[in-house]
Amino acid sequence: MVAYEEKTLLKERFFMNIPLEGASVRSRKLERFKCQAVPAARVVPTLAEDVLQGFARRPRVLPPKYFYDALGSELFDQICDTPEYYPTRTEARLLDQSAHSIICQVKPEHIIELGSGTSRKTAHLFEACEANGLEPSYWPFDVCEEVLHAAAEALLEAHPWLSVQALIGDYSAGLAHLPQPAGRRLFVFLGGTIGNLTPEESIAFLSELRGLMREGDAFLLGADRTKAPRLLQAAYDDASGLTAEFNRNVLNVINRALRGDFNPHAFDHLALYNEALQRIEMYLVARHDQEVHLMALERRYGFLHGERILTEISRKFTAESLTAELRAARLNPIRHYQTEDQYFSLVLAQPS
Ligand code: SAH
Ligand code: TRP
């Protein structure tokens, strides 16, 4: 773990932008905010390597972590408010109902959240802490620096007792370099993001997390459930077109990183539910034959009309498949919270 001095400047500039706020309020917020990079614990492919490898396969594939540049995170936040995207509001309701029970069982001194995004739903846990006289510190971990800053800003404002230790990094590069604060920790992984990993990736990830956990620590996992395919497909293809824009934005990210000339509008958004694999598959589909030049790779890629790039999977779970996955990583589910419609699950687990 390296101290992240370089970020101090950026951090201060960020807080300077808050209008109409006294210097003392601002400095008190700064005292409660730290930001550091989590170095990779193992070698992971660069974006260039991911594109080279992914575009050599059929169908072509891209890792989903590249969705989340500043615009991508902003678009994702907007997707969460669409009528079709039920997971966010369902999970928020479930957290609201179960937060007291979770917090009373775990009594965390630290809350460490993986892929925390805007941290909007996590607020329910902080409220339950407040109500129970607990003041844990919060460690949001995300690959998108901009969203971490925005989330911290809102949280420091809403919870005057809270200290935020933002962690910038890629969890696919391992968790071994995560800070290890002393005291009971609640690890949190929400939003059904576990479903964006293949079963093999997920079990490896959960096992790694399990390896960090000490006696008394707990893990709260939010996962989306199987349901009628039309509901699932609508959630990943909202009528306002935000998900389509989010999906296409990954091509802008590649253009920027690799000096490419993808025309995002030459690709259609497609979300399909694969019943056999119980997962949503999100694709970009070439609208016509085209050639794309990625200058930084000195390569040209041809796309035929109708050819697909797989940009994300989102697996859906049954109560059984979810607990089986946790058990495979030696995590023992101790409570399962679910909505009446069984749309979404929150599982509280401990190392077994
Ligand atoms: N937990 C939030 C956000 C879910 S979207 C919610 O429930 O609404 C997935 C989040 O994980 C995004 O904020 C994205 O930036 C982050 N993310 C995706 N891949 C990541 C990776 N490899 N390492 C760290 N964060 C990642
Ligand atoms: N973790 C979210 C999910 O699987 C990510 C997500 C939601 C997403 N909607 C999306 C990713 C649309 C890409 C496109 O539900």
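The values are calculated or read from the model by the stated rules, or taken from the named source; none is laboratory data. Quick caveat: nothing in here was measured; it's all calculated off a predicted structure. Methodologically, a virtual Cβ is constructed for each residue, glycine included, from the backbone with ideal geometry; neighbour enumeration extends over all protein chains shown. Remember, those area values only see protein heavy atoms, side chains included, never the ligands or the DNA or RNA. Shrake-Rupley method; radii C 1.70, N 1.55, O 1.52, S 1.80 Å.
Worth pointing out:
- Residues in the stretch 88-141 that are more than 28 Å from ASP237 (Cβ to Cβ) and in a strand (DSSP E or B): 8 in all.
- Residue that is nearest to GLN233 (Cα to Cα) [pool: residues in the stretch 319-336 that are touching a strand residue (DSSP E or B) at 6+ places or on another chain (Cβ under 7 Å) and open to solvent by 20 Å² or more (accessible area, probe 1.4 Å)]: ALA319
- Residue, farthest from ligand 1 (Cβ to nearest atom), within the stretch 41-77, restricted to residues that are open to solvent by less than 40 Å² (accessible area, probe 1.4 Å) and among the aromatic types (Phe, Trp, Tyr): PHE55
- Within the stretch 218-232, residues that are touching a residue at least 24 places away in the same chain (Cβ under 8 Å) and open to solvent by 10 Å² or more (accessible area, probe 1.4 Å) reach partners that are among the aromatic types (Phe, Trp, Tyr) and assigned to a strand (DSSP E or B) with beta carbons closer than 9 Å, at six or more positions or on different chains, in the pairs ARG225/PHE317; ARG225/PHE344; THR226/PHE317; PRO229/TYR273.
- In the stretch 132-169, the residues that are touching a helix residue (DSSP H, G or I) at 6+ places or on another chain (Cβ under 8 Å) and either basic (Lys, Arg) or surrounded by fewer than 16 Cβ atoms within 10 Å (Cβ to Cβ) (or both): ASN132, GLU135, GLU157, ALA158, TRP161
- When residues of the stretch 337-350 are limited to those that are part of a strand (DSSP E or B) and farther than 14 Å from GLU208 by Cα, the one most open to solvent (accessible area, probe 1.4 Å): GLN338
- If you go through the stretch 240-254 and keep only what is in contact with a Pro (Cβ under 8 Å, 6 or more places away or on another chain) and either within 14 Å of GLU84 (Cα to Cα) or more than 15 Å from ligand 1 (Cβ to nearest atom) (or both), you end up with ARG248, LEU251, ASN252.
- Listed by position, the strands (runs of 3 or more DSSP E) contained in the stretch 203-301 that have at least 3 residues being more than 15 Å from ligand 2 (Cβ to nearest atom) and at pLDDT 95 or above are 218-224, 290-294.
- Pairing each residue of the stretch 286-298 that is of a type in the set (Asp, Glu) with any residue that is not in a loop (DSSP other than H, G, I, E, B), provided the two are 6+ apart or on different chains, yields C-beta distances under 9 Å for ASP289/GLY302; ASP289/PHE303; GLU291/ARG300; GLU291/TYR301; GLU291/GLY302; GLU291/PHE303.
- Checking each residue in the stretch 78-87 for being in a helix (DSSP H, G or I) and open to solvent by less than 40 Å² (accessible area, probe 1.4 Å) picks out ILE79, TYR86, PRO87.
- Of GLY115, GLY72, all but one fail to be outside the structural domain of LEU258 (by TED's automatic domain parsing), within 15 Å of the chain's Cα centre (by Cα) and within 30 Å of LEU294 (Cα to Cα); the exception is GLY115.
- Test for LYS121: is it touching a residue at least 40 places away in the same chain (Cβ under 8 Å), within 11 Å of ligand 1 (Cβ to nearest atom) and open to solvent by 10 Å² or more (accessible area, probe 1.4 Å): yes
- Filter result for the condition that a residue is farther than 19 Å from GLU312 by Cβ, within 19 Å of the chain's Cα centre (by Cα) and either within 13 Å of ligand 2 (Cβ to nearest atom) or of a type in the set (Val, Ile, Thr) (or both), over ASP77, ASP81: ASP81
- Any chance ASN196 is open to solvent by less than 40 Å² (accessible area, probe 1.4 Å), within 16 Å of ligand 1 (Cβ to nearest atom), assigned by TED's automatic domain parsing to the domain that holds LEU134 and not hydroxyl-bearing (Ser, Thr, Tyr): yes
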